[in-house]
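Single-structure report; data block below.
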Amino acid sequence: MKSKPLTSTELTQMIHGLNRLARNLWWTWNQEAQEIFHKLSPRTWQNLYHNAVAVLHEVSDYELRTRLQEPAFAEEVQEVLAAFETYLNEPATWAAEHARALQGKPVAYFSAEFGLSETLPIAAGGLGVLAGDHAKSASDLGLPFVGISLFYRQGYFMQAINDDNWQTEYYSMLNPRNLPMEAVLDAKGEQLTCMVQIATSQVRFKVWRVNVGRIPIYLMDTDLPENEEHYRDLTLRVYGGDSTTRIMQEILLGVGGVRLLRALDIQPSVFHMNEGHAAFLTLELMREKMATGCSREEATEATVNECIFTTHTPVEAGHDRFSSDLTQYAAQKCTSKLKISHEVFMDMGRVRQGDASEPFCMTVLALKHSRSANGVSELHGEISRHMWKDLYADRKVEEVPIGHVTNGVHVAGWMKGPLRRFFRRRLGKQWEKGLNTCEFWKRMEDPGFVSDEEIWALRSLLRRELIEFSRRRLLMQSHNLNRENFITYDHLLHPDVLTIGFARRFATYKRAPLVFQQLEHVIELVKHKQHPIQFIFAGKAHPRDDEGKRFIQHIIHLSQHTELQGHLVFIENYDIHVARQMVSGCDIWLNNPRRPLEASGTSGQKTAAHGCLNMSIMDGWWREAYDGVNGFAIGPDSHPDSIEEQDRVDSENLYRVLNDEVITTFYNRDALGVPRHWIQKIRRAMATITPEYNTWRMVQEYAQKYYLQDK
Ligand SMILES: *Cc1c(COP(=O)(O)O)cnc(C)c1O
């Protein structure tokens, strides 16, 4: 049947719809929407790192109008635009039923970083990715919610490795006009600006809005000509600069964030501090209340009543602490507005009142000024109660008021193409309904729903996609695109071999090189004729963390070892895109932190839906999720006291599990070449992990336990 050409009005509407769609990160968790932008300009989509706005800048309106006259493409576009509108306007959300009290009084979620998409690199690692996944799920659930953060115009660094295998950092300038975000305007249609006092200066900032489905994230940006030069650069980089920059960024985030919400006439019912970075928001809330005539005591009490706090790290150095001098200098205006002396102010961030030797700690400020606080896994909650018990001297450690909500991941956003296509074939167009439920994933344990062979085929495809991705990336990394290299790089890694992945920040407690402690043994395993293994590593060390950089150097050095070459690779410039390839393509996701320092960990949660199995120390989320079948545990649910002993025992346990359980089970094949027992484990991982360790469950838990509970 011949179809009628689209009318000019229809075309205009569709183009308008595409522009709206491009500026809403909903497309980061909708594959069909991504495919439209990919088809419009495959090269732009790839080169500009999956950026829908850049694609629409590349493709002219004339070309769009012309291309949309292809009926099949137009139909695809119309379907996606309809799904997008339906999503935005859905009245029957979870929150409409369960979180009515928040209507018109949203949760304001403050986070120094948001990891939403590889194309908007304003996150440093897990904390930011968690914030991004939290926002996406809040949108899915219809939760009234706004995110507050900073726009870092150089983002987080990109990683390059020099000739000494040493990490170097470089930055590129982000252009807001070419990114999925838009300038926030005031009532007169001009750029909205707000002001915050830092040290002795008035610092102005403008604001960008990132649309994440139904919810906005506002990013503050001090790059304005009227600011002094060093304040223009305050929002240059994620955690950039020294502690002076850091405390000033945090004043901007906390104090500026509250100012911004007021300027937008948003009156939150809850202020959620994601990590201590945001804790200065409590000062601004107190100031506001005192300005209306409250006493300091009343202002404090009212502030405590509207704030909640999530702590993310049991690593001492992970808690921001500022010297008395720096705090006095940077926050002097805050102190004067609260009509308190510097020493009284310092005590707000101290465990031991009046101890002049104790610096100002943002975690302490947050704990003292929130109605509830939580860690991010059961064990981390317990560790946090111990860490901060001195703040609650009248209580027993079990009664320290720090609970826990275990982290999760936004499932739809992490699912790779082959997996989505599998479910779509099985369940039809509406396949995503119920994606976060037990019933959805329980089906994966039913051989009548999916056969072993089909699961194995899916695994094989995902592994191949990862290996081809790795080869492309490694060739690009080699800076040496000659013919010989093309051939060599096409033989790196083997698509049939048990593939072990490790990718995360190279914080030293995560012990990236642990698996190479017995090098001879590893070489034997890698070179084994019948059941070899191979490794893919990735990760960034913090620019000032030389120890972390030494770990990277060591692993890259090993990857050049004659016996390991081609069986161990390091992919540079780890980010959300690299993460997505790795968590889906690997067979084993290795995590060997020094217990109990992995507060939760989330990368392992991204793997389960893809049939990649976790092999991890019993720390963070894994000690809650492991059921004896759905993956592998390294060591018991306890750890020795000394670090040396711990490294020794963990490494021994790691090799034992690898040899006796992982390799044996993976290569235990039947006559058809299918590892039945391994696939049993995959089925169990899918059925037990994904429905529990996702951000839908997590956000619902935050809502029920914290957002909806007044003190
Ligand atoms: C998921 C993720 C992390 C967190 O990894 P952990 O293993 O939990 O530390 C860090 N960075 C990126 C890019 C991620 O996608």
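Tabulated results
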{"quantity": "Residue check, Glu275 within 32 Å of the chain's Cα centre (by Cα), closer than 18 Å to Ala131 by Cβ and among the acidic types (Asp, Glu)", "calculated": "yes"}
{"quantity": "Residues of the range 74-89 classified as among the β-branched types (Val, Ile, Thr) and more than 20 Å from Pro144 (Cβ to Cβ), total", "calculated": "2"}
{"quantity": "Residue selected from the range 117-149 under the condition farther than 19 Å from Ala92 by Cα and touching a strand residue (DSSP E or B) at 6+ places or on another chain (Cβ under 6 Å), by the criterion farthest from the ligand (Cβ to nearest atom)", "calculated": "Val146"}
{"quantity": "Filter result for the condition that a residue is farther than 19 Å from Trp414 by Cβ, away from the ligand (no atom under 16 Å from the Cβ) and in contact with a helix residue (DSSP H, G or I) (Cβ under 6 Å, 6 or more places away or on another chain), over Asn162, Asn211, Asn178", "calculated": "Asn178"}
{"quantity": "Looking only at the range 400-423, and only at residues there that are charged (D, E, K, R) and under 26 Å from Gln700 (Cβ atoms), the one that is surrounded by the most Cβ atoms within 10 Å (Cβ to Cβ)", "calculated": "Lys416"}
{"quantity": "Given (1) within 19 Å of Pro268 (Cα to Cα); (2) within 13 Å of the ligand (Cβ to nearest atom), index of the condition Leu102 fails", "calculated": "(2)"}
{"quantity": "Extreme residue, nearest to Asn653 (Cα to Cα), among residues of the range 572-587 that are touching a helix residue (DSSP H, G or I) at 6+ places or on another chain (Cβ under 6 Å) and crowded, with 21+ Cβ neighbours inside 10 Å", "calculated": "Val583"}
{"quantity": "Any chance Gly501 is buried (at least 16 other Cβ atoms within 10 Å of the Cβ), within 16 Å of the ligand (Cβ to nearest atom) and assigned to a strand (DSSP E or B)", "calculated": "yes"}
{"quantity": "Those helices (runs of 4 or more DSSP H) lying entirely in the range 206-308 with at least 2 residues of a type in the set (A, V, I, L, M, F, W, C) and crowded, with 19+ Cβ neighbours inside 10 Å", "calculated": "243-251, 257-263, 281-291"}
{"quantity": "Condition check for Tyr87: touching a residue at least 12 places away in the same chain (Cβ under 8 Å), under 21 Å from Gln34 (Cα atoms) and within 26 Å of the chain's Cα centre (by Cα)", "calculated": "yes"}
{"quantity": "Yes/no for Ala108 being within 21 Å of Val146 (Cα to Cα), touching a Gly at 6+ places or on another chain (Cβ under 6 Å) and not in a loop (DSSP other than H, G, I, E, B)", "calculated": "no"}
{"quantity": "Count - residues of the range 356-393 that are among the acidic types (Asp, Glu) and not assigned by TED's automatic domain parsing to the domain that holds Cys307", "calculated": "1"}
{"quantity": "Within the range 366-477, helices (runs of 4 or more DSSP H) holding 3 or more residues that are more than 27 Å from Glu624 (Cα to Cα) and in contact with a helix residue (DSSP H, G or I) (Cβ under 8 Å, 6 or more places away or on another chain)", "calculated": "417-427, 452-477"}
{"quantity": "The range 499-522 residues that are closer than 10 Å to Ser651 by Cβ, paired with ones that are among the hydroxyl-bearing types (Ser, Thr, Tyr) (beta carbon under 6 Å, 6 or more apart)", "calculated": "Leu514/Ser651; Gln517/Ser651"}
{"quantity": "Where a residue in the range 242-268 is acidic (Asp, Glu) and its partner, wherever it lies, is in a helix (DSSP H, G or I) and at pLDDT 95 or above, with Cβ under 7 Å and at least six apart", "calculated": "Glu250/His277; Glu250/Met362"}
{"quantity": "Conditions (1) loosely packed, with under 13 Cβ neighbours inside 10 Å; (2) not in a helix (DSSP H, G or I): number failed by Glu645", "calculated": "(2)"}
{"quantity": "Scope the range 648-684; condition closer than 30 Å to Ile383 by Cα and surrounded by 14 or more Cβ atoms within 10 Å (Cβ to Cβ); matching residues", "calculated": "Val649, Asp650, Ser651, Glu652, Asn653, Leu654, Tyr655, Val657, Leu658, Arg684"}
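For (1) assigned to a helix (DSSP H, G or I); (2) among the small types (Gly, Ala, Ser); (3) buried (at least 22 other Cβ atoms within 10 Å of the Cβ); (4) outside the structural domain of Gln267 (by TED's automatic domain parsing), each residue gets a yes or a no:
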| site | (1), (2), (3), (4) |
| --- | --- |
| Phe73 | yes, no, no, yes |
| Gln78 | yes, no, no, yes |
| Ala82 | yes, yes, no, yes |
| Ala96 | yes, yes, no, yes |
| Leu130 | yes, no, yes, no |
| Lys136 | yes, no, yes, no |
| Gly147 | no, yes, yes, no |
| Ala160 | no, yes, no, no |
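Conditions (1) closer than 18 Å to Phe145 by Cα; (2) assigned by TED's automatic domain parsing to the domain that holds Gly257; (3) in contact with a strand residue (DSSP E or B) (Cβ under 8 Å, 6 or more places away or on another chain), marked per residue:
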| residue | (1), (2), (3) |
| --- | --- |
| Ala187 | no, yes, no |
| Thr193 | no, yes, yes |
| Arg209 | yes, yes, yes |
| Tyr218 | yes, yes, yes |
| Asp233 | no, yes, no |
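The values are calculated or read from the model by the stated rules, or taken from the named source; none is laboratory data. Quick caveat, the model's predicted, so the values are computed rather than measured. As a convention, Cβ positions derive from the backbone with ideal geometry for all residues, glycine included, and neighbour counts pool all protein chains shown.
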